[in-house]
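Data block below; observations after.
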Amino acid sequence: MSDAAVKPSREAIPVKTGLEREDCKGLAELLEKALADTYVLYAKTQGVHWNIIGPMFYGVHKLTQEQYEDMAESIDEIAERIRALGYLAPTKLSHLIQIADVQEVEDVNSALMVEMLAKDHQRVATSLREAVQEADKLDDVFTADLLTARIGKHEQYAWMLRALATKPTA
């Protein structure tokens with residue numbers, strides 16, 4: 001199968017959303033970026049879940065499972081919102097990795113990964129704020145609400161991971 005056969009088309013699928021077609025295209029692109037960041041972070045989180053070792057094992061193992069399960073649901077919600085706006089959701093992993101701000105890593109068995117995941121969650125929350133601002137500007141309340149809820153989750157996950165990785169002071 002050729003790359004052209006799996007690459008989503010940027011041509012609009014005819015739907016009437018109450019939004020201008022060009023506005024929907026821009027929102028779909030912002031959602032595609034959100035999907036990419038979430039997908040890469042999902043994979044990293046699952047990798048930490050599988051490979052964490054040391055005294056923080058149980059806490060990190062449980063917390064990362066909760067987080068990657070939540071992100072799996074959000075991946076589906078974001079992709080479905082892209083479809084509702086009249087565009088195909090991206091399916092090519094190399095494309096998602098390429099456009100994501102969150103970067104892949106090979107070594108995921110160190111406790112330092114907890115701090116890295118916290119930073120990645122904060123990075124995603126910051127990126128989502130830009131998409132929410134654009135959705136608000138276009139009066140796309142559904143997209144704004146969807147992404148605002150995701151910001152809250154990513155900020156909560158960043159806080160939990162930082163709290164887990166921080167050594168208590170005497």
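The values are calculated or read from the model by the stated rules, or taken from the named source; none is laboratory data. Keep in mind that what you see is a predicted model, and the values were worked out from it rather than measured. Because the Cβ atoms are built from the backbone with ideal geometry, glycine has one as well, and the counts that use them run over all protein chains shown.
Being over 22 Å from Val132 (Cβ atoms) and modelled with pLDDT of 80 or more narrows it down to one residue among Lys25, Lys62, Lys7, Lys33; which is it?
Numbers: Lys25 fails: over 22 Å from Val132 (Cβ atoms); Lys7 fails: modelled with pLDDT of 80 or more; Lys33 fails: over 22 Å from Val132 (Cβ atoms).
Among Lys25, Lys62, Lys7, Lys33, only Lys62 is over 22 Å from Val132 (Cβ atoms) and modelled with pLDDT of 80 or more.
What is the one condition in (1) surrounded by fewer than 15 Cβ atoms within 10 Å (Cβ to Cβ); (2) polar (S, T, N, Q); (3) at pLDDT 95 or above that Gln67 does not satisfy?
(1)
Looking only at segment 80-99, count how many residues are over 19 Å from Gln46 (Cα atoms), surrounded by fewer than 19 Cβ atoms within 10 Å (Cβ to Cβ) and of a type in the set (A, V, I, L, M, F, W, C).
4
Taking segment 100-124 as the search range and keeping residues that are at pLDDT 90 or above and surrounded by fewer than 15 Cβ atoms within 10 Å (Cβ to Cβ), which one is nearest to Leu35 (Cα to Cα)?
Result: Asp101.
If I filter segment 42-58 for residues that are under 19 Å from Val132 (Cα atoms) and buried (at least 21 other Cβ atoms within 10 Å of the Cβ), do I get at least one hit?
Applying the first criterion (under 19 Å from Val132 (Cα atoms)) to segment 42-58 yields none.
No, there is no match, as no residue in segment 42-58 is under 19 Å from Val132 (Cα atoms) and buried (at least 21 other Cβ atoms within 10 Å of the Cβ).
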